[in-house]
Amino acid sequence: MDRLAYIAMTGARQTEIAQTVNSNNLANASTTGFRADLHAFESLPVYGPGRPTRVNAIGETFATDFTQGATLATGRDLDVAIQGRGFFVVQTADGGEAYTRAGDFRVNSVGQLLNGRGDPVMGEGGPVAIPPSTSITIATDGTISVQPLGQSAAAIATVDRLKLVNPALDELEKSADGLFRRKDAADAQADASVLLTPGALETSNVNVAESLVSMIGLARHYEMQVKAIKTAEENADSAAALLRVR
């Protein structure tokens, strides 16, 4: 009976983890540029002293869905979406680089270009700094131009160019903060072939309907595992009662 209880117990635990992953996807269904996490279950023998007679259910987040989300036109000058493959580069708290698909940019009070999370956006020469200006435009190749404050519309100045990269997807891993980093911790090289759509944002690629169906399925799966644990307990009690009969 302990075999049944053990398998059901590990299955229930891993179902809880899978439900957490699925819930996180649903919570980010409206997050700009979000990439859904994928999860799966597998069964592995438990090795130790004696024969491997127990099986451990394992559920893990094994990959990220890199399918492109829909492009939503906003008309805002600092909103940009990547066409096809590629990533924006942001500076992390430790001074390193990380990658994101979110192009919801803004300029803070000291002229830094930040994304929606508040991370500094990287250009070809480091974090992008915007001088006082009347207007800001971002071209399809990532070139940032401004109309300096107090000057005519004809006085357009190029400030910087966004660092756009296109590393191989199997070289990337998703961190807990939702940003992507290279597995070897190296910085990706700028790729001039990455193009942008100005005045637009890429939405999350989470399929809400599929996630809701998955949530229901995981809840039922959890209930089934708990019922199996109770069944194992009832069977053990019944066996013990039979052994007490004289």
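The values are calculated or read from the model by the stated rules, or taken from the named source; none is laboratory data. Quick caveat, the model's predicted, so the values are computed rather than measured. FYI the Cβ positions are ideal-geometry reconstructions off the backbone, even for glycines, and counts take in every protein chain you see. With ligands, DNA and RNA removed, areas are computed over all heavy atoms of the protein, side chains included. Shrake-Rupley method; radii C 1.70, N 1.55, O 1.52, S 1.80 Å.
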Next item on the list: Send over a whole-number figure in Å² for the accessible area per residue of the chain, probe 1.4 Å.
Entry: 55 Å²
Notebook entry, point to check: Packing-wise, with mean Cβ within 10 Å as the measure, how do 26-33, 201-208 rank, highest first?
Noted result: 201-208, 26-33
Next item on the list: Using a 1.4 angstrom probe on heavy atoms only, work out the carbon and sulfur share of the accessible area of the chain in %.
Entry: 55 percent
Notebook entry, point to check: For the chain, what's the relative contact order in percent, using C-alpha pairs closer than 8 Å and at least 6 residues apart?
Noted result: 27 percent
Item checked: Straight-distance crosslink candidates among lysines, where the alpha carbon sits under 16 Å from Lys174 and sequence neighbours closer than 8 are dropped -> Lys183
